[in-house]
Every structure is written in structure tokens, then in C-alpha cells.
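Q: I am attaching a structure below and will ask some questions about it afterwards.
Only the coordinates and a few stated rules stand behind these numbers; no lab work does. Just so you know, these numbers come straight off a predicted model, no measurement behind them. Positions of Cβ are generated from backbone atoms using ideal geometry, with glycine treated the same way; all protein chains shown enter the neighbour counts.
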Amino acid sequence: MKERKYSNADKRDRAKKRVEQIKGFYTHVVFYFVINTLLVVIKIVGNSHYGETFMGPLSHFSTYATWLFWGLGLTFHGIMVFKVKPFFNKEWEERQIQKYMEEDEKESKKFE
């Protein structure tokens, strides 16, 4: 396999793109916490206007739904940015290949 050589400009462009991705992720994290905290505060203050106690809004799923679903999106964003492959990584692929090779070998020995 031929090794590809990158110029300094290519390396700089790739590094710059990587830094922008990481910066975008951390910006996403900050917005996630700020906006969701504001939504909880608004819900508590808004519901107290209607006579509900402080703990009332905290027991509603709707208070946490945005945290949950946006948090899932944030998790996938982080996985993409940091190139984390928790499930189907190279080690998993190698184990599966070995497993199926052993199964094929056992199967072929049945017919010898």
C-alpha cells in the first residue's frame, strides 16, 4: 500500500478542521447546559405563578425531556467529534472474524 504524504498546508488544514470540530462540540455543551437550565428555571417560576410548589415541576417528565433527548444528540455529537467507537471497533471486528473462522473450521471437519 502506498503511503500518502501530506504537505504542511494539508496538515494545517486538517488540524484546523479538527480544532473547529472540538470547539463546536464544547460550544454545543455550553449551550446545552445554559438553555436547559433556563428552561427548568422558567418552568419552576411559571408553574409557581399558578400555585404549584417548587418540587411540582421537578416531578414532571417534560422538565427533563429536553435534557434527555438533547443529551442523546450531544452524546452522538461527542462520539463523532472524538471518533469514539464503543461498539463496532477494530477489536470487535477481529473477534467476530476469528469466531466465524473457527465455526467454519468446525463445520468443515464434520464432513471429513
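Q: Taking the Cα centre of the chain as origin, sum charge times position over the Cβ atoms of Lys and Arg (+1) and Asp and Glu (-1), and report the length of that vector in debye to the nearest 20.
A: 760 debye
Q: Within the range 1-66, report the GluC sites (Glu not before Pro) that DSSP leaves as loop and that have at most 15 other Cβ atoms within 10 Å.
A: Glu3, Glu52
Q: Between Lys17 and Thr66, what FRET efficiency follows from the Cβ-Cβ distance if R0 is 22 Å, with the result rounded to 0.05?
A: 0.15
Q: List the chymotrypsin sites (Phe, Trp or Tyr not before Pro) in the range 8-112 that DSSP assigns to loop (not H, G, I, E or B) and whose Cβ has at most 16 other Cβ atoms within 10 Å. Which are they?
A: Of the chymotrypsin sites (Phe, Trp or Tyr not before Pro), the ones in loops of the range 8-112 whose Cβ has at most 16 other Cβ atoms within 10 Å are Tyr50, Phe54, Phe82, Phe87, Phe88, Phe111.
Q: Return the sequence-ordered ³J(HN,Hα) values of the range 17-23 in whole Hz as given by the Karplus equation 6.51 cos²θ - 1.76 cosθ + 1.60 applied to θ = phi - 60°, using x for Gly and Pro.
A: Working through the residues one at a time gives 5, 4, 5, 5, 5, 5, 4 Hz.
Q: Per Stokes-Einstein, at 20 °C and 1.002 mPa s, what whole-number D in µm² s⁻¹ belongs to the chain, with the Kirkwood radius over Cα pairs as the hydrodynamic radius?
A: Translational diffusion coefficient: 111 µm²/s.
Q: Spelling out what I want: for every residue of the range 55-72, take phi, set θ = phi - 60°, compute 6.51 cos²θ - 1.76 cosθ + 1.60 (Karplus), and round to whole Hz; glycine and proline get x.
A: Residue by residue, the range 55-72 yields 6, x, x, 6, 9, 8, 4, 4, 5, 9, 4, 5, 4, 5, 6, 5, x, 4 Hz.
Q: When only C-alpha pairs under 8 Å and at least 6 residues apart count, what is the relative contact order of the chain, in percent?
A: 26 percent
Q: Return the subset of Lys17/Lys43; Lys11/Lys83; Lys23/Lys85; Lys85/Lys110 for which the Cα-Cα distance in this structure is over 28 Å, preserving the input order.
A: Lys17/Lys43; Lys85/Lys110
Q: So which trypsin sites (Lys or Arg not before Pro) in the range 1-70 are both in a DSSP loop and have at most 12 other Cβ atoms within 10 Å of their Cβ?
A: Sites meeting the loop and neighbour criteria: Lys2, Arg4, Lys5.
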